[in-house]
């Protein structure tokens, strides 16, 4: 049975289209979502969230130019919304426009300085810019703001590895494993760090820990033999 509800005002109708767009977006039906957001914008073009939502749908389809255009419109309409800058920063980064991504993420952090994802994103861009110390500070801030997300910790470990700070990298992997003890990839990563330190016995222990979590332990046989030869 179809609904007899009909929005009584232009604003209500636009909101209805926007809500339908969000529903399609959540179902990952991005073309349908874009159609609904576009209908909403035809009725009310100066609602920043409508542009932002359509930008998210375009971004999800890797249509970066269209996403950036919508994100920028949402920023023009509401220049103090940190999330808009974070979103356009991600689109700029994917488009290879690193300087613009840096500016956007920096603006997001300036507007709202307690969101760990903003610092994480800024850290990634600074790493690409080879501004390693600044990148590390931003990863530190992301971890400080959210100590329960192993992704932030693991990413910092990767930068510490790049900087040759292996002992600190191991500490981060230990922290990540306390959060997600069954993640075999973290055990493998820890094994690689111990290899770089020349501690092959500890590297082997980490491989064995990973072995217990892998569906097919035979996958590590070659690496274990190689490590065993170094221990012997």
For segment 181-227: of the residues being within 28 Å of the chain's Cα centre (by Cα) and part of a loop (DSSP other than H, G, I, E, B), which is farthest from residue 148 (Cα to Cα)? 215
Residue 124 meets each of (1) part of a helix (DSSP H, G or I); (2) over 29 Å from residue 177 (Cβ atoms) with one exception, condition (2)
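When you scan segment 165-179, do you find a residue that is under 16 Å from the mean Cα position of the chain (by Cα) and either surrounded by fewer than 24 Cβ atoms within 10 Å (Cβ to Cβ) or assigned to a loop (DSSP other than H, G, I, E, B) (or both), even just one?
The first filter runs over segment 165-179 and keeps only residues under 16 Å from the mean Cα position of the chain (by Cα), leaving none.
Among the residues of segment 165-179, not one is under 16 Å from the mean Cα position of the chain (by Cα) and either surrounded by fewer than 24 Cβ atoms within 10 Å (Cβ to Cβ) or assigned to a loop (DSSP other than H, G, I, E, B) (or both), which makes the answer no.
Given the criteria under 12 Å from the mean Cα position of the chain (by Cα) and modelled with pLDDT of 95 or more, does residue 118 qualify? Working first, answer last.
Values: under 12 Å from the mean Cα position of the chain (by Cα): yes; modelled with pLDDT of 95 or more: yes.
For residue 118, the condition - under 12 Å from the mean Cα position of the chain (by Cα) and modelled with pLDDT of 95 or more - is met.
The values are calculated or read from the model by the stated rules, or taken from the named source; none is laboratory data. Treat the numbers as computed from the prediction; the structure is a model and nothing was measured. Glycine gets a Cβ as well: all are built from the backbone with ideal geometry, and neighbour counts include every protein chain shown.
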